[in-house]
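Here is the structure we will look at.
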Amino acid sequence: MAIAESSMAAASPTKITARDWKTIVLASIGNGIEYYDFIVFATFASYIATQIFPSTSQAISLLNTFAVFAVGYLIRPIGGMILGSFGDRIGRRRVFVFSLLAISLATLGMSITPTYEKIGILAPIIFVILRLCQGLCYGGE
């Protein structure tokens with residue numbers, strides 16, 4: 001009987017504290033920004049393909065665009081290691097705020113990057129660098 005009571009006590013839910021709620025809200029904000037980025041990139045992929053990665057084939061331009069999108073995801077573990085290390089040393093809140101600021105600035109930069117027609121090969125290079133910056137910061141988030 002005592003064993004059954006102790007296992008029942010261990011299975012009972014604990015109360016969520018104010019600190020837990022703060023963590024949940026901050027994580028939700030980060031995930032919301034991440035999904036916003038995903039939706040915006042997918043929505044404008046055809047425009048990005050024609051303006052930043054022009055090619056004789058529209059399919060190749062679109063594949064280049066999605067390859068850049070994938071690069072942002074592939075770099076995330078490195079961002080987690082780098083920014084996670086900084087978070088342990090200088091504080092997670094500072095790193096989180098830095099990550100959100102850098103993600104926002106990279107998104108802004110991607111939106112105002114001149115087209116391939118205006119600056120040539122620099123357009124895709126700038127776009128890839130900004131996407132890498134986003135991916136690193138999403139990993140650190």
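Considering only residues of segment 81-115 that are farther than 13 Å from LEU130 by Cα, of a type in the set (Val, Ile, Thr) and part of a helix (DSSP H, G or I), which is farthest from the chain's Cα centre (by Cα)?
Looking at the filtered set, the residue picked out is ILE90.
What tally of residues in segment 116-141 results from selecting those that are crowded, with 20+ Cβ neighbours inside 10 Å and either of a type in the set (Phe, Trp, Tyr) or in a loop (DSSP other than H, G, I, E, B) (or both)?
Summing the residues that are crowded, with 20+ Cβ neighbours inside 10 Å and either of a type in the set (Phe, Trp, Tyr) or in a loop (DSSP other than H, G, I, E, B) (or both) in segment 116-141 gives 3.
I'd like the full set of residues that are of a type in the set (Phe, Trp, Tyr) and either in contact with an Asp or Glu (Cβ under 9 Å, 6 or more places away or on another chain) or modelled with pLDDT under 90 (or both), limited to segment 59-111.
Of segment 59-111, the ones of a type in the set (Phe, Trp, Tyr) are 66, 69, 73, 86, 96, 98.
Passing the criteria: TYR73, PHE96.
Pick out the one residue from ILE52, ILE119, ILE60, ILE112 that is over 22 Å from ILE29 (Cβ atoms) and either out of contact with any helix residue (DSSP H, G or I) (no Cβ under 9 Å at 6 or more places or on another chain) or of a type in the set (D, E, K, R) (or both).
Details: ILE52 fails: either out of contact with any helix residue (DSSP H, G or I) (no Cβ under 9 Å at 6 or more places or on another chain) or of a type in the set (D, E, K, R) (or both); ILE119 fails: either out of contact with any helix residue (DSSP H, G or I) (no Cβ under 9 Å at 6 or more places or on another chain) or of a type in the set (D, E, K, R) (or both); ILE60 fails: either out of contact with any helix residue (DSSP H, G or I) (no Cβ under 9 Å at 6 or more places or on another chain) or of a type in the set (D, E, K, R) (or both).
Of the residues listed, the single one that is over 22 Å from ILE29 (Cβ atoms) and either out of contact with any helix residue (DSSP H, G or I) (no Cβ under 9 Å at 6 or more places or on another chain) or of a type in the set (D, E, K, R) (or both) is ILE112.
Could you list, ordered by first residue, the pairs with Cβ atoms under 8 Å in which the first is in segment 126-141 and basic (Lys, Arg) and the second is outside any helix (DSSP H, G or I), at least 6 apart or interchain?
none
The values are calculated or read from the model by the stated rules, or taken from the named source; none is laboratory data. Here the structure is a predicted model, which is why all the values come from computation and not from measurement. For neighbour counting, all protein chains shown are included, and Cβ atoms are generated from backbone atoms with ideal geometry for every residue, glycine included.
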